[in-house]
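Engineer: I am attaching a structure below and will ask some questions about it afterwards.
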Amino acid sequence: EENSTLMRFGKVFQQTYTRFLDLQKAEAQARESQIEAVLERVRSRTMAMQKSDELTDVAGLLFEQVSALGIKTWTAGFNVWSEDNNSYVDYITSPNGGFIEPYTVLTDAAEALKDISNARKSGVEFDVQYVEGEKIKKLYLALTKLDEKQYEVMLQDGVQFPSHQYEHFVFGSKVSLMFITYEPVPEAHDIFKRLGKVFEQTYTRFLDLQKAEAQAREAQIE
């Protein structure tokens, strides 16, 4: 009788576990559909670009979509690298919304910046770094000195710099995406990488438009 009861419990649990697997599969499919919809929105906006100065509009949409996926970031942005990878022009979103004025970051200004440069030079496509303590203090001190005006604006807006952060970089041929979070988000790594590939297309579109505008301007001058 005891064995019969255990067998019945076993069958019920097997049904429960099967139901769990079905739900898990359905949730994964729904999540994948959500991610694909986000990628398609960014792709569509990229193809709709008519002027090179729309680059930050597309980037802004991309970062908004990250939030729509439920990924909490402190800030995000993109970086346009120099040929030697020792500096980059930083386009960063303010935590309160919008982009602050782009500025050039020299990677020898702080240890955390050198780490980013070394990661890019190593040829990796994706890199995660954790920064805290004295290292993060020196990072934001260096960034403040690089463009004191922009960071002063952020401070006036009530933005407080974090005491620790996880930095996620998706490196492309010329441009990289950056996502800064307070906590580790391993479940978002694949999404960041996929967004990086889409933004590489966006940046290529930007360069094509920039070239066409320069040619049009030259033709006008001629």
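Engineer: Considering the range 182-199 alone, what residues qualify as being surrounded by fewer than 18 Cβ atoms within 10 Å (Cβ to Cβ) and in a helix (DSSP H, G or I)?
Structural biologist: P186, E187, H189, D190, K193, R194, K197
Engineer: Name the one entry in K137, K145, K121, K114 that is out of contact with any Asp or Glu (no Cβ under 8 Å at 6 or more places or on another chain), modelled with pLDDT of 95 or more and of a type in the set (K, R).
Structural biologist: Values: K137 fails: modelled with pLDDT of 95 or more; K145 fails: modelled with pLDDT of 95 or more; K114 fails: out of contact with any Asp or Glu (no Cβ under 8 Å at 6 or more places or on another chain).
Answer to the selection: K121.
Engineer: Take the conditions loosely packed, with under 10 Cβ neighbours inside 10 Å and either within 30 Å of the chain's Cα centre (by Cα) or at pLDDT 95 or above (or both) and apply them to Q34. Does it pass?
Structural biologist: Taking the combined requirement at face value, the residue does not satisfy it.
Engineer: Next question. Within the range 2-22, can one find any residue that is small (G, A, S) and surrounded by 11 or more Cβ atoms within 10 Å (Cβ to Cβ)? Write out each step before concluding.
Structural biologist: Quick first cut of the range 2-22, residues small (G, A, S) only: 4, 10.
Filter again for surrounded by 11 or more Cβ atoms within 10 Å (Cβ to Cβ), leaving none.
No, the range 2-22 contains no residue that is small (G, A, S) and surrounded by 11 or more Cβ atoms within 10 Å (Cβ to Cβ).
Engineer: From the list D57, D53, D90, which one is free of Cβ contacts under 8 Å to residues at least 12 places away in the same chain and farther than 20 Å from E183 by Cβ?
Structural biologist: Numbers: D57 fails: free of Cβ contacts under 8 Å to residues at least 12 places away in the same chain; D90 fails: free of Cβ contacts under 8 Å to residues at least 12 places away in the same chain.
Just one listed residue meets the conditions, D53.
Engineer: Collect the residues in the range 94-119 that are assigned to a helix (DSSP H, G or I), touching a helix residue (DSSP H, G or I) at 6+ places or on another chain (Cβ under 9 Å) and either more than 17 Å from I180 (Cβ to Cβ) or open to solvent by less than 30 Å² (accessible area, probe 1.4 Å) (or both), keeping them in residue-number order.
Structural biologist: Hits for the range 94-119 are T107, D108, A109, A112, L113, K114, I116, S117, N118.
Engineer: In addition: How many residues does the range 37-53 hold that are open to solvent by 30 Å² or more (accessible area, probe 1.4 Å) and touching a Leu at 6+ places or on another chain (Cβ under 8 Å)? Break it down into steps so the answer makes sense when it comes.
Structural biologist: We begin by selecting, within the range 37-53, every residue open to solvent by 30 Å² or more (accessible area, probe 1.4 Å); these are 37, 40-41, 43-45, 47-48, 50-51, 53.
Applying the additional criterion that residues be touching a Leu at 6+ places or on another chain (Cβ under 8 Å) yields 41, 45, 50-51.
Here the count works out to 4.
Engineer: Let me ask another. (1) at pLDDT 90 or above; (2) under 28 Å from Y103 (Cα atoms); (3) open to solvent by 20 Å² or more (accessible area, probe 1.4 Å): which one isn't true of W74, the others all being true?
Structural biologist: (1)
Engineer: Please enumerate the residues belonging to the range 120-138 that are aliphatic (A, V, I, L, M) and open to solvent by less than 50 Å² (accessible area, probe 1.4 Å). Before you say what the answer is, go through the steps one by one.
Structural biologist: Here is the first cut: in the range 120-138, the residues aliphatic (A, V, I, L, M) are 124, 128, 131, 136.
V131, I136, listed by residue number.
The values are calculated or read from the model by the stated rules, or taken from the named source; none is laboratory data. These numbers were taken from a predicted model, which means no experiment stands behind them. Here the Cβ is made from the backbone with ideal geometry for all residues, glycine too, and neighbour counts use every protein chain on show. Please note that ligands, DNA and RNA were not included when accessible areas were found on the heavy atoms of the full protein model with its side chains. Shrake-Rupley method; radii C 1.70, N 1.55, O 1.52, S 1.80 Å.
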